[in-house]
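*Asks:* First, the structure itself, so that you have it in front of you.
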Amino acid sequence: MSVATSKSPLEVQRTIHEILERHAGVQGALLPILHDIQDVLGFIPADSVSDIAAALNLSRAEVHGVITYYHHFRMTVPGRHIIRICRAEACQSMGAEALMVHAEKQLSCSAHQTTEDGVFTLEAAYCLGLCASSPAISINDEVYARVSTADFNALIAETRGQT
């Protein structure tokens, strides 16, 4: 995933317009457009909401509402590494809440925030598909099962070493 900060504002705008053109005339294109933008830029720029709304004949409020409703979407530049901690029922029953508290303390940031150094963004996920191996987390879309606080610390140290 590339991050928009490596693109000029003109390149970001061009990218968004290319995505909008690709989905022109397609019914129900809002979610695919939002996914495409975030996949390319790493987030959905706030100033793109009006362009998306105009292209789909929706209000800005409708587009903004969808972006903010789904935890997957973000409107700020993420850290270089995205950490998701599953908060679904199976993971909760196996300690995911305590793991989230630990992660927030270790990273010095809350869920849906980025560390001051811009290295990590911490997010909640609502199922990573490893219910039988809870609690689960993902780092940059690589999933880890039965993660303890010690495992979390080791994974963070390893990931930080790759930066």
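The values are calculated or read from the model by the stated rules, or taken from the named source; none is laboratory data. Note that the structure is a prediction, hence the values are computed from the model and not measured. Note that we place each Cβ from the backbone using ideal geometry, even for glycine, and neighbour counts take in every protein chain shown.
*Asks:* If we only count helices (runs of 4 or more DSSP H) wholly inside the stretch 58-125, which ones have 2 or more residues that are surrounded by 17 or more Cβ atoms within 10 Å (Cβ to Cβ) and within 18 Å of the chain's Cα centre (by Cα)? Break it down into steps so the answer makes sense when it comes.
*Replies:* Values: elements: 60-69, 89-93, 96-107.
In the stretch 58-125, the matching helices (runs of 4 or more DSSP H) lie at 60-69, 96-107.
*Asks:* Further, regarding this structure: Is there a residue being aliphatic (A, V, I, L, M), in contact with a Gly (Cβ under 7 Å, 6 or more places away or on another chain) and either over 30 Å from residue 12 (Cα atoms) or modelled with pLDDT under 95 (or both) anywhere in the stretch 118-126? Outline the logic, then answer.
*Replies:* Going through the stretch 118-126, the residues aliphatic (A, V, I, L, M) turn out to be 119, 122, 124-125.
When the remaining residues are screened for being in contact with a Gly (Cβ under 7 Å, 6 or more places away or on another chain), the result is 119.
From what is left, the residues that are either over 30 Å from residue 12 (Cα atoms) or modelled with pLDDT under 95 (or both) are none.
No: zero hits.
*Asks:* Residue 146 fails exactly one of the following numbered conditions: (1) modelled with pLDDT of 95 or more; (2) within 26 Å of residue 38 (Cβ to Cβ). What is the number of that condition?
*Replies:* So residue 146 meets the others, but not (2).
*Asks:* If the Cβ limit is 7 Å and pairs must be 6+ apart or interchain, which residue in the stretch 71-100 that is on the phi > 0 side of the Ramachandran plot pairs with which residue that is part of a loop (DSSP other than H, G, I, E, B) and modelled with pLDDT of 95 or more?
*Replies:* Taking only residues 6 or more apart or on different chains, the pairs are 95/135.
*Asks:* Output the number of residues of the stretch 127-161 satisfying the condition of being exposed (fewer than 12 other Cβ atoms within 10 Å of the Cβ), in contact (Cβ under 8 Å) with a residue 40 or more places away in the chain and more than 19 Å from the chain's Cα centre (by Cα).
*Replies:* Residues flagged as exposed (fewer than 12 other Cβ atoms within 10 Å of the Cβ), in contact (Cβ under 8 Å) with a residue 40 or more places away in the chain and more than 19 Å from the chain's Cα centre (by Cα) within the stretch 127-161 amount to 1.
*Asks:* Go through (1) touching a helix residue (DSSP H, G or I) at 6+ places or on another chain (Cβ under 8 Å); (2) polar (S, T, N, Q); (3) at pLDDT 95 or above one by one and return the number of the condition residue 93 breaks.
*Replies:* Condition (1) is where residue 93 drops out.
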